[in-house]
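Okay, so here's the structure we're looking at.
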Amino acid sequence: MQHDRRKFLKSSGIALSVIVSGEILRVSPRSAQAAALPYQVLTEEEVATLQGLAEAIVPGAREAGVSHYIDKQLGAAAEDCLLMLKYLGVPFADFIGFYRGGLHSAGRLARLRFSLPWPALSADQAQTLLVEMNGDTDIEWDGPPAPFFFFVLRADASDVVYGTEQGFDQIGMPYMAHIEPAQAW
Amino acid sequence: MQRISTEEVFDVLVVGSGAAGSVIAAQMARAGKRVLVLESGPARQMSDLISSQIWARRLKWSGAPVEEAGNLPIGHNFNAGWGSGGSALHQFAVWPRLHENDFKLKSDYGKGLDWPIEYDDLRPYYDKVQAEVGISGDATAEKWRPPGQKYPMAPLPVFAQGRLIDKGFVARGMTTAPIPLAINSEVYRGRKACLYDGWCDAGCPIGALANPLATYLTWAVEAGAEIRNEATVVKVLHDTSGRTATGVEYCDADGARHRVHASTVVLAAFAVQNARLLLASASERHPQGLSNKNDLVGRYLMTHPANSIYGIFNDETQPHLGATGGQLINHDHYSQKEKGKAFGSYQWLIANALKPNDLLGIANTRPDIYGAALDDFMRKAATHMGNMVFVGEDLALAENRIELSEHKDDYGVPLARATHNIQDSTAALAEAAVAEGLAVFKAAGAADPWAGPRIGMHIMGGTVMGEHAASSVTNQYGRLHELDNVFIAGPGLFPSSGAVNPTFTIHALAMRTADHILGNDTPSNSSPGQ
């Protein structure tokens, strides 16, 4: 059993702890997604927008657990937070507001254009909105600047899709770890 | 505010446990001094250095926010470190020396500032540090290299990516040499040799890379120094005359305030936090901040402008192999700083090891690609991508500075606000270099090379050294002009940036300061126990 657990954590690449009924479960974002574990910070609507948006930007992000990963990091202490946003001039105290503002604006944009939430958009519809988010034309948006939010979310999704041992393997790059990431975040 | 709970006395207090603080602490402890190192971040062990670009973010700055402005922000949170070892724990270990023409910018070119010392003053300290920690390289191949002892180890191997890009330099009549790296190409003084797996900036847990946990911080502890983590210094204390520091006040992880005293105080908390601490230590005797009578603390803030060049090659490049800092180096145009509208030296760091994710990872080299096209790009780039980095000289400008913000941290200390703009001549330098880099990549066989955005790499200045109090914050040994026993250590002392990675120079300068504090005018022969 212990061996299986180590193997599981090793293969998960990144892991997180989630509190369910007072118990701390340590699982990977991918497994948390598969098991539909509850969220600590994000609302159901925010999660739906995040998953649809991230999946359109980096295919595989939803299954890799991007929403659980971001949710977990937003609930962490500043020095434990691993989001790339910490490099980009946004104070840690504003992280939740940054994601909330971006997700609410993205969700509203989808409803305004297509009367649909992000997960229900077709590939073409999602592409239309992503182009608008990165374009120069004014859009209905009151969160962080849309291109910046896109950049950050793309980086987060790239982390969970490509930044793990499984992600390296997926694109044919040897991981060659000195110390494998085998602990909970 | 909680009450002050303890008062202790040491010979030397060192604020910060990065490259500079570690050297000072080791040298003081070896000399028998009672040393306390106060580090605001958590303790780090080699076992914490997990091979993951995501986990590695724990090593980056997580302290009080730094407000940034300007046309080339300094990128504090990416460049600074958090925890034992400071930013040197995630350094790339690219250790070239400053060149002889980097020391007298104002006298020789009418720009920026002069150092109060010359290359020959620093040379013996470069040699000493190099012998202690080991550098791999080929001094002969570096035809631009200033005089000094040859490297104690042969260079690291050049892999496919480096060999491919080198063809472009050769085709354009340019020269490359193996990068001088503070990474062992063989077992050196008991430390292991590199495995070439490209996890340098995630922290090297085998000790092949000369981070402070592998070198001076560990040597300091072995010599008797105490490292106290989660201890954030909030003020430097001084006597009634204002000429002598008596110690510092710090807050522990629970917010309790403590005072510790010493006959010598060394501030080695990196460029921004050192300046912030001086400004925040204002007193009746020093109303504008400690040793800031001439309003110079915080000024002359610098960062190297840097751009990456990328390309996809037909041949496989194995971009995951080697060191994060690269495999080859070019300084062909370093000696000539005046280049028409452009001004400054620059270097190319060639064939950096790449990972798929993070700020400098493959995915972010083309932020315009997404959806299915991104996956196609990632699969191709993972095996066929090449890259190199332009590192340019910045100019010391008085208006680029660190100031105190109106906002405060959890301990009531004002935050730092860092403003940094580059002049047109520096922008022109970067633009010309990018054009050269793209031409090199085309000559090397990359079909459609592209350049990344200009970013700030490394942080220097803010507490510059100089001959006179009217134009500098410290003397040539890093001692504050207005206090007799407070020293600055680290890149904040640099009056010019040069165009080389600063960590080797930080070590050499700190070694020189340590010798001065100990009363040695020439390099001491003390070396770590092995």
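Observations, loosely collected:
- Accessible area of A:ILE139 in the full protein assembly, 1.4 Å probe (Å², nearest 10): 40 Å²
- 12 Å Cα-Cα reach of B:LYS150 towards aspartates and glutamates, excluding residues that sit fewer than 8 places from it in its own chain: B:ASP127, B:ASP138, B:GLU142
- Average other protein chain Cβ within 10 Å of Cβ, residues A:160-166: 5
- Violating pairs (Cα-Cα greater than 18 angstrom) within the set B:LYS339/B:LYS442; B:LYS60/B:LYS192; B:LYS106/B:LYS337; B:LYS167/B:LYS355; B:LYS111/B:LYS339; B:LYS60/B:LYS380: B:LYS339/B:LYS442; B:LYS60/B:LYS192; B:LYS167/B:LYS355; B:LYS60/B:LYS380
- Charge dipole (debye, nearest 20) of segment A:41-164; +1 at Cβ of Lys and Arg, -1 at Cβ of Asp and Glu: 80 debye
- With eigenvalues of the C-alpha gyration tensor scaled by 5 and rooted, segment B:194-329, Å: 41, 22, 12
- Computed over segment B:375-483, the convex hull of the alpha-carbon atoms projects to a mean area of 12.3 nm².
- Each residue was assigned an accessible area with a 1.4 Å probe, and for A:TYR162 the value is about 0 Å².
- DSSP bridge pairs, chain B: antiparallel proportion in percent, nearest 5: 65 percent
- Rg then Dmax, both in Å and based on the Cα atoms of segment A:41-164: 13.5, 40.
- Distances between placed amide hydrogens fall under 5 Å for B:LYS235 paired with B:GLU249, all partners being 5 or more residues away or on another chain.
- Heavy atoms of chains A and B lose about 3900 Å² of accessible surface on contact, summed over both sides with a 1.4 Å probe.
- Threshold 40 Å², segment A:31-67 residues less accessible with all protein chains present than alone (1.4 Å probe): A:PRO59
- Ratio Rg/Rh [Cα only; Rh per Kirkwood] for chain B: 0.96
- Stokes-Einstein diffusion for segment B:216-287 at 37 °C, viscosity 0.692 mPa s, with a Kirkwood radius from C-alpha pairs, works out to 244 µm²/s.
- DSSP-loop GluC sites (Glu not before Pro) across segment B:351-450, with at most 14 other Cβ within 10 angstrom: B:GLU399
- Helical runs (DSSP H, four residues minimum) scored at -39500 (n - 2.57) apiece and divided by the length of chain B put the mean residue ellipticity at 222 nm at -7000 deg cm²/dmol.
- The mean number of Cβ atoms from other chains found within 10 Å of a Cβ in peptide B:41-53 is 3, as a whole number.
- Normalised alpha carbon radius of gyration of segment B:68-176 [divisor 2.2 N^0.38 Å]: 1.34
- When the P(r) is computed for the protein assembly as shown, the part past 32 Å accounts for 51% of the Cα-Cα pairs.
- Separation of segment B:442-466 and segment B:248-287, taken as the distance between their Cα centroids, equals 33 angstrom.
- Maximal additional length on extending the A:ASP169-A:GLN125 stretch stands at 12.7 nm, based on 0.36 nm per residue less the C-alpha distance.
- The GluC sites (Glu not before Pro) of segment B:174-251 that meet both conditions, a loop assignment by DSSP and at most 15 other Cβ atoms within 10 Å of the site Cβ, are B:GLU186.
- Rolled with a 1.4 Å probe across the full set of protein chains, the surface gives B:LYS167 an accessible area near 120 Å².
- Each principal axis of the Cα cloud of segment A:25-100 was taken in turn, and the coordinate range along them, longest first, works out to 31, 29, 20 Å.
The values are calculated or read from the model by the stated rules, or taken from the named source; none is laboratory data. Values in this document were obtained by computation on a predicted structure and should not be read as measured data. Glycine also receives a Cβ, built like all others from the backbone with ideal geometry; neighbour counts cover every protein chain displayed. Side chains are part of the model used for accessible areas, which takes the heavy atoms of the whole protein and leaves out ligands, DNA and RNA. Shrake-Rupley method; radii C 1.70, N 1.55, O 1.52, S 1.80 Å.
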